[in-house]
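One structure is given below, encoded as structure tokens.
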Amino acid sequence: MDGIYWTKGARERVRAAYRALLASARVPLQEIRVPTRNGETCVFACGPADSPPIVLLHGGNTNSAMWLQSLPVWSRHFRVYAVDIIGDPGFSAPTRLPLQTDDHTQWLDDVFKFLNLKSASIVGASFGGWIALEFAIRRSSAVSRLMLLAPAGLVRVSIAATFEISSLMLMGAWGRRRALLRLFGLVKAKLTEEQKLFLAFSSVVQLNTLSRLKVPAPIPDEQLSKLSARTHVVLGGRDILFNSDAASRRLQALCPGVTVSIFPDAGHGLVEPTELVLDFLSAGQPCQGSV
């Protein structure tokens, strides 16, 4: 075992595949190494330095490659910082922090401080959405706007879905591909070339790394109700991990100022996020979905 990787060779295979994917980026990326109390954190920056900042926090068991298709558009309007979350298969330290503490918030404190960010918009997906939500609650003055894509931390994860995905992962290459398609809600979708590349990379990750075994528990009511940042939450009606209707009801009850959109035919991978995020962060207009 080599940290979160099965072997040292496994780590090198994932990192080589990640480098190859980053090489396909259609915008120049500045690689920044940030020292934090939990180890070095890798951040990819693009866009004009004097533009409004946005911080991107990817989903669990992946890395900043998930944003590559959107960066050319976002970087025309913002200074974008795509953070490789600590403990995931990117270029940050493999340290996995406990979920029941504020350790992830303190880690993000260090990232913000090093990047000289007093306030920024945050876009978080799944596990990264939970980190972003926790940070916005605990550090309200540091978050100007918050965009959450199928975030963890609102409702409990589906045990049946977890069992299904885990079982498929044990069924060789076919099973791993099927598991990823099920997870992202792409079983019947016509995949773009970028989606095919990301799925191929995700297969390399699944084969060579130890997935996170725990998912964040729902944030307690008294904490969630303190969310004050202007927030838009986008959910998939066919998300197999989280019950989107239950998540929407909870948000509406505890955070009436939050805008929630549900895309009925989308899974946990949701829809292409480029224009959705741009619209909300630029003008604050809600996405075209249903609640």
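The values are calculated or read from the model by the stated rules, or taken from the named source; none is laboratory data. Just so you know, these numbers come straight off a predicted model, no measurement behind them. Don't worry about glycine lacking a Cβ; one is built from the backbone with ideal geometry, like all the others, and counts go over all protein chains shown.
Exactly one residue out of L133, L154 is aliphatic (A, V, I, L, M), touching a strand residue (DSSP E or B) at 6+ places or on another chain (Cβ under 9 Å) and in a loop (DSSP other than H, G, I, E, B): that is L154.
When restricted to residues that are charged (D, E, K, R), surrounded by 14 or more Cβ atoms within 10 Å (Cβ to Cβ) and closer than 23 Å to L97 by Cβ, the range 3-48 contains 3. Name the pairs whose Cβ atoms lie under 9 Å apart, with the first residue in the range 259-281 and more than 25 Å from R76 (Cα to Cα) and touching a residue at least 60 places away in the same chain (Cβ under 8 Å), the second crowded, with 23+ Cβ neighbours inside 10 Å and β-branched (V, I, T), and 6 or more positions between them or separate chains? That search, which allows pairs on different chains as well, returns A266/V234. In the set R212, R249, R230, R176, which member is more than 21 Å from P264 (Cα to Cα) and free of Cβ contacts under 8 Å to residues at least 40 places away in the same chain? Sole residue among the options that is more than 21 Å from P264 (Cα to Cα) and free of Cβ contacts under 8 Å to residues at least 40 places away in the same chain: R176.
Entry remark, the range 20-68: residues being polar (S, T, N, Q) and outside any loop (DSSP other than H, G, I, E, B) number 3 in total.
With respect to F91, is the statement that it is among the aromatic types (F, W, Y), out of contact with any helix residue (DSSP H, G or I) (no Cβ under 6 Å at 6 or more places or on another chain), surrounded by fewer than 17 Cβ atoms within 10 Å (Cβ to Cβ) and modelled with pLDDT of 95 or more true?
Values: among the aromatic types (F, W, Y): yes; out of contact with any helix residue (DSSP H, G or I) (no Cβ under 6 Å at 6 or more places or on another chain): yes; surrounded by fewer than 17 Cβ atoms within 10 Å (Cβ to Cβ): no; modelled with pLDDT of 95 or more: yes.
The answer is no for F91.
A quick yes/no check of all residues on (1) crowded, with 20+ Cβ neighbours inside 10 Å; (2) of a type in the set (V, I, T); (3) under 26 Å from S119 (Cα atoms); (4) modelled with pLDDT of 90 or more:
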| position | (1), (2), (3), (4) |
| --- | --- |
| E222 | no, no, yes, yes |
| S228 | no, no, yes, yes |
| T231 | yes, yes, yes, yes |
| L251 | yes, no, yes, yes |
| P256 | no, no, yes, yes |
| A283 | no, no, yes, no |
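S167 meets each of the listed conditions (1) hydroxyl-bearing (S, T, Y); (2) free of Cβ contacts under 8 Å to residues at least 40 places away in the same chain; (3) under 27 Å from A25 (Cα atoms) apart from (3). Given the condition modelled with pLDDT under 95 and over 16 Å from the mean Cα position of the chain (by Cα), answer yes or no: does some residue in the range 58-75 qualify? No - not one qualifying residue is present in the range 58-75.
Taking the conditions (1) free of Cβ contacts under 8 Å to residues at least 24 places away in the same chain; (2) not in a helix (DSSP H, G or I) in turn, G9 satisfies each one other than (2).
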